[in-house]
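> My questions all concern the structure below.
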Amino acid sequence: MELKIALLPGDGIGPEIVGEAVKVLNSVAAKYGHTFNYTKALVGACAIDATGDPYPEETHAVCQASDVVLFGAIGDPKYDNNPTAKVRPEQGLLRMRKSLGLFANLRPLAVFDSLAERSPLKTEIVKGADFLCVRELTGGMYFGRPQGRSEDGNTAYDTCVYTREEVERILKLAFEQAQKRRKQLTVVDKANVIATSRLWRQIAKEMAPQYPDVTVEFMFVDNAAMQIIQRPTHFDVIVTENLFGDILTDESSVISGSLGMLPSASVGAEVALFEPIHGSYPQAAGKNIANPMATILSAAMMLEHVGLDKEGKAIRDAVNKAIEAGVVTEDLADAGAKVYSTTEVGDYVAAAI
Ligand code: IPM
Ligand code: MG
């Protein structure tokens, strides 16, 4: 297969982890006889530095001309610590999601048996946890307008908006994912307080009869935050709005033992985007210490998305092999065990393919 891949390494550790994923992809291409063509483009703080825009027009054009996008991370402390900055790297990510029509973010969580003990939660609680969070990605408070400050600067406001169309399309996708899995859907909302949540709940109830094989439950987000770490094995598919999904998926990463292990796919329109769920980890940038697994696993999701299932599985198997052999970065290494660098982990996975 010939695949056009846009590479958007972004900021912080982004270039290092995307570099390792490319190494692994090249190994897959060589083994299975595929041609992967990469085109690099800028997004985030590095794009602001180069062009003044966190998601330049050229980058959008590169994404649109590609079959899939592999994205690293964005963000830079110089913006985080400056609440008055007019242009922010995160705006690039949000614009990219919106303009590519990526309304659904699929964040699977599975506990690797050999890592279950790395989780700060008790092993018997996390063992066997395997769920998918379907996060709405282009609506809610992230995009609702008005957003801003009063003239005197002493009042700030955000708006949370969802339309029926936006809710229906994400719920449809979540119901379908549940049908492919264990057929249990948890709709997470705050319908006891928030109007948009009541719309979500109403529409989910209207749609449920179309999916008679799927069991639907409703859970308030505060309760869900507790249940996810108290009994993670309860969940199969969780669907929720943008901000709740952002928070619950970082929380969920604790179950797996490291935020550095969790991949994601953003889908919706033609082009799909794949990225680790973690951020740009600026403290580790350039040090060759970041865990590249989440990006490597995102590359596996990317291949599966275009129908290359056995190639995706080959990557997953190689990642398992590395973990079992203890070839892991510092976030996952046992006390006293050898700590491997980002590039060593990538080399091992690539060779294992
Ligand atoms: C994520 C990130 C982003 C988000 C930030 C970087 C804007 O936290 O992908 O989860 O909030 O969506
Ligand atoms: Mg987040």
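> Mind checking which residues of the stretch 235-266 are out of contact with any strand residue (DSSP E or B) (no Cβ under 8 Å at 6 or more places or on another chain) and either in the same structural domain as VAL327 (by TED's automatic domain parsing) or of a type outside the set (D, E, K, R) (or both)?
Of everything in the stretch 235-266, those that are out of contact with any strand residue (DSSP E or B) (no Cβ under 8 Å at 6 or more places or on another chain) and either in the same structural domain as VAL327 (by TED's automatic domain parsing) or of a type outside the set (D, E, K, R) (or both) turn out to be LEU243, ILE247, VAL254, GLY257, SER258, LEU259, MET261.
> Just the residues that are farther than 28 Å from ALA104 by Cβ and over 22 Å from the mean Cα position of the chain (by Cα), please, taken from the stretch 120-164.
Listed by number, the residues that qualify are LYS122, THR123, GLU124, ILE125, ARG149, SER150, GLU151, ASP152, GLY153, ASN154, THR155, ALA156.
> Quick one: how many residues across the stretch 208-243 are closer than 21 Å to THR138 by Cα and either among the polar types (S, T, N, Q) or touching a Leu at 6+ places or on another chain (Cβ under 9 Å) (or both)?
Residues that pass the stated criteria total 6.
> Condition (residue is within 16 Å of ligand 1 (Cβ to nearest atom) and surrounded by 16 or more Cβ atoms within 10 Å (Cβ to Cβ)) applied to the stretch 26-35: is it met by at least one residue?
no
> Of the residues ALA61, ALA45, which single one is surrounded by fewer than 17 Cβ atoms within 10 Å (Cβ to Cβ) and among the aliphatic types (A, V, I, L, M)?
ALA61
> So is LYS321 away from ligand 2 (no atom under 16 Å from the Cβ), in a loop (DSSP other than H, G, I, E, B) and basic (Lys, Arg) or not?
No: the conditions fail for LYS321.
> Moving on. If we scan the stretch 150-166, do we find a residue that is more than 16 Å from ligand 2 (Cβ to nearest atom), in contact with a helix residue (DSSP H, G or I) (Cβ under 8 Å, 6 or more places away or on another chain) and under 15 Å from LYS98 (Cβ atoms)?
Quick first cut of the stretch 150-166, residues more than 16 Å from ligand 2 (Cβ to nearest atom) only: 150-166.
Filter once more, so that each one left must be in contact with a helix residue (DSSP H, G or I) (Cβ under 8 Å, 6 or more places away or on another chain): 158-162, 164.
With under 15 Å from LYS98 (Cβ atoms) added as a condition, the list becomes 161-162.
Yes, because at least one residue in the stretch 150-166 is more than 16 Å from ligand 2 (Cβ to nearest atom), in contact with a helix residue (DSSP H, G or I) (Cβ under 8 Å, 6 or more places away or on another chain) and under 15 Å from LYS98 (Cβ atoms).
> Looking at the stretch 206-274, what strands (runs of 3 or more DSSP E) fall wholly within it and have at least 1 residues that are away from ligand 2 (no atom under 15 Å from the Cβ) and among the polar types (S, T, N, Q)? Lay out the reasoning, then the answer.
On the way: elements: 215-220, 237-240, 263-267.
Hits in the stretch 206-274: 215-220.
> Would you confirm, using the coordinates I've provided, whether ALA110 is under 21 Å from THR249 (Cα atoms) and surrounded by fewer than 18 Cβ atoms within 10 Å (Cβ to Cβ)?
yes
> Do you know which of the residues in the stretch 208-267 that are acidic (Asp, Glu) and more than 13 Å from ARG135 (Cβ to Cβ) is farthest from the chain's Cα centre (by Cα)?
Let us first name the residues in the stretch 208-267 that are acidic (Asp, Glu), namely 213, 217, 222, 236, 241, 246, 250-251.
Imposing the further condition that a residue be more than 13 Å from ARG135 (Cβ to Cβ) reduces the set to 213, 217, 222, 236.
Details: ASP213: 27, GLU217: 24, ASP222: 21, ASP236: 17 Å.
Here the residue is ASP213.
> Continuing with the same structure: For the stretch 275-317, name all the residues that are within 16 Å of ligand 2 (Cβ to nearest atom) and modelled with pLDDT of 95 or more.
Within the stretch 275-317, GLU275, PRO276, SER280, TYR281, PRO282, ALA294, THR295, SER298 qualify.
> Give the stretch 28-57 a look and list any residue that's of a type outside the set (A, V, I, L, M, F, W, C), part of a helix (DSSP H, G or I) and under 16 Å from PRO89 (Cα atoms), or say none. Even if it seems obvious, please write down each step before you answer.
Of all residues in the stretch 28-57, those of a type outside the set (A, V, I, L, M, F, W, C) come to 31-35, 37-40, 44, 49, 51-57.
Going one step further and asking which of them are part of a helix (DSSP H, G or I), we end up with 31-32, 49, 51, 57.
Scanning the stretch 28-57 gives ASP49, THR51, GLU57.
> Which of the residues belonging to the stretch 62-95 are touching a helix residue (DSSP H, G or I) at 6+ places or on another chain (Cβ under 6 Å) and more than 15 Å from ligand 1 (Cβ to nearest atom)?
Passing the criteria: only VAL68.
> Let me ask something else about it. Can you pull out the residues in the stretch 85-95 that are aliphatic (A, V, I, L, M) and more than 15 Å from ligand 2 (Cβ to nearest atom)?
Matches in the stretch 85-95: ALA85, VAL87.
> Being crowded, with 22+ Cβ neighbours inside 10 Å and either out of contact with any strand residue (DSSP E or B) (no Cβ under 7 Å at 6 or more places or on another chain) or in the same structural domain as ALA272 (by TED's automatic domain parsing) (or both): is that true of LEU70 here?
Yes.
> Among the residues that make up the stretch 249-258, is at least one of them out of contact with any Cys (no Cβ under 7 Å at 6 or more places or on another chain) and at pLDDT 95 or above?
No, that holds for no residue.
> Is it the case that ASN223 is surrounded by 20 or more Cβ atoms within 10 Å (Cβ to Cβ) and in the same structural domain as MET141 (by TED's automatic domain parsing)?
Details: surrounded by 20 or more Cβ atoms within 10 Å (Cβ to Cβ): no; in the same structural domain as MET141 (by TED's automatic domain parsing): yes.
For ASN223, the condition - surrounded by 20 or more Cβ atoms within 10 Å (Cβ to Cβ) and in the same structural domain as MET141 (by TED's automatic domain parsing) - is not met.
Per-residue answers, yes or no, for (1) without any contact (Cβ under 8 Å) to a residue 24 or more places away in the chain; (2) among the hydroxyl-bearing types (Ser, Thr, Tyr):
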{"site": "VAL111", "(1), (2)": "no, no"}
{"site": "THR138", "(1), (2)": "no, yes"}
{"site": "PHE143", "(1), (2)": "no, no"}
{"site": "ASN154", "(1), (2)": "yes, no"}
{"site": "PHE175", "(1), (2)": "no, no"}
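> Is it the case that VAL267 is of a type outside the set (Lys, Arg), over 28 Å from MET293 (Cα atoms) and within 16 Å of ligand 1 (Cβ to nearest atom)?
Spelling it out, it is not the case that VAL267 is of a type outside the set (Lys, Arg), over 28 Å from MET293 (Cα atoms) and within 16 Å of ligand 1 (Cβ to nearest atom).
> Sticking with this structure for a sec: Among (1) under 30 Å from LEU185 (Cα atoms); (2) surrounded by 14 or more Cβ atoms within 10 Å (Cβ to Cβ), there is one condition TYR79 misses while meeting the rest; what is its number?
(1)
The values are calculated or read from the model by the stated rules, or taken from the named source; none is laboratory data. Since the model is a prediction, treat every value here as computed from it, not as a measurement. Counting neighbours? That spans all protein chains shown, and the Cβs are built from the backbone with ideal geometry, glycine included.
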